[in-house]
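Got a structure for you, written out below as structure tokens; questions coming shortly.
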Ligand SMILES: Nc1ncnc2c1ncn2[C@@H]1O[C@H](COP(=O)(O)OP(=O)(O)OP(=O)(O)O)[C@@H](O)[C@H]1O
């Protein structure tokens, strides 16, 4: 079947929760965001801001209050669940609580929009399922009970299920939450390849900001003060990342490209040296709360040579063989 290329548009969207007779809880209001075919988008924002709520709403798992969600120019409100299932797959971090469900069966659920009413898999369906399992590196796990695999393996299996569903849009809520750093990069890479080669629109939420900044095409940034979208580099240059956290102690270092915790400086240090040894010495001193100065009068100096660190303070000098030893002495 020829796959359509699908745009996503969130227009003045208000999402949240409401029970009849209770005051509605609006989690996010007036959200205006877009994603194009072939784009990998990371939704980022602080804990509890409403990322899961937004993604569940986008995937038609819950209704919204105001505005519209348009998929390929058509309002999600007007679409039949079966039509949505052929356009959009959703991966969450929820646990699987079905005993005796094998990894193969779990992934095969992805084929439900295409199977007949008893869910019979054709030979083509089975080969798509095996291919999806292989793509996420779970070959050999097909017969294992899905309840008896690790969190990371289950996360891969859930992604395989979305691959088996073969939709032009894939929405993933924290797909890398349980993965180690090498698997996080692999999953980001896999999703990126899908976006690029198959022109799928991939929208995922993540707290892995450093990876997202390096790997995705676009950020959707939700904050208390509004929403922003653009290339990760636009987010850095426009200072959006500094608006992400209410905790003013956390800042974004535009030059390093990473978040840091603002500490009170305990002393000034001037450091001489070069190469990697200098860079990591600066990071270590910074981590321990020393202010690095170039011009101002330092409280002490550190001269970095390959594998030796010379501390010069007033009239005394002391040599160390590692950063650990230098920091221990400074304590
Ligand atoms: N089923 C629910 N009913 C009512 N309120 C809810 C429900 N689920 C979540 N909330 C509330 O909605 C707000 C947003 O929650 P949500 O899970 O969307 O945030 P999030 O950005 O995904 O957080 P995190 O980064 O911690 O996963 C929170 O205040 C949360 O308590």
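No lab work stands behind these numbers, since they all come straight from the coordinates. All values reported here derive from a predicted model rather than from experimental measurement. Positions of Cβ are backbone-derived with ideal geometry, glycine not excepted, and every protein chain shown enters the neighbour counts.
For the chain, what is the relative contact order in percent, using Cα pairs closer than 8 Å and at least 6 residues apart in sequence?
Values: 598 pairs, mean separation 55.6, N = 331.
About 17 percent, as a whole number.
Same structure again: By counting other Cβ atoms within 10 Å of each Cβ, how are 158, 244, 147 ranked from fewest to most?
With the fewest neighbours first, 158, 244, 147 line up as 147, 244, 158.
Give me the one-decimal Kirkwood hydrodynamic radius in Å for the stretch 267-330, with the sum taken over alpha-carbon pairs.
Its Kirkwood hydrodynamic radius stands at 11.5 Å.
Same structure, new question: What is the spread of the Cα atoms of the stretch 1-106 along each of their three principal axes, largest first, in whole Å?
Sorted from largest, the Cα extents of the stretch 1-106 read 42, 36, 28 Å.
Still on this model: Which value, in Å³ per residue, describes the convex hull spanned by the Cα atoms of the stretch 70-210?
124 Å³
Give me the angle, in degrees from 0 to 90, between the Cα long axis of helix 123-135 and the longest principal axis of the Cα atoms of the chain, rounded to the nearest 10.
So the inclination is approximately 10 degrees.
Continuing with the same structure: In Å, what is the Rg of the alpha-carbon atoms in the stretch 156-269, and how long is Dmax?
16.4, 58
What angle do you read, to the nearest 10 degrees and between 0 and 90, between the alpha-carbon axis of helix 275-287 and the longest principal axis of the chain?
90 degrees
Sticking with this structure for a sec: Rg to Rh ratio, the stretch 187-331, alpha-carbon atoms and Kirkwood radius?
With Rh from the inverse mean 1/r over Cα pairs, Rg/Rh is 1.11.
Follow-up question, since we're still on this one. In degrees from 0 to 90, rounded to the nearest 10, what is the angle of the helix 181-198 Cα long axis to the longest principal axis of the chain?
Around 50 degrees separate the two axes.
So what are the stretch 128-213's ellipsoid semi-axes, whole angstrom, largest first, if each one is the square root of 5 times an eigenvalue of the alpha-carbon gyration tensor?
Numbers: eigenvalues 78, 55, 21 Å².
Working through the eigenvalues yields semi-axes of 20, 17, 10 Å.
Grab the eigenvalues of the alpha-carbon gyration tensor for the chain, scale each by 5, take roots, and send me the semi-axes largest first in whole angstrom.
47, 25, 17
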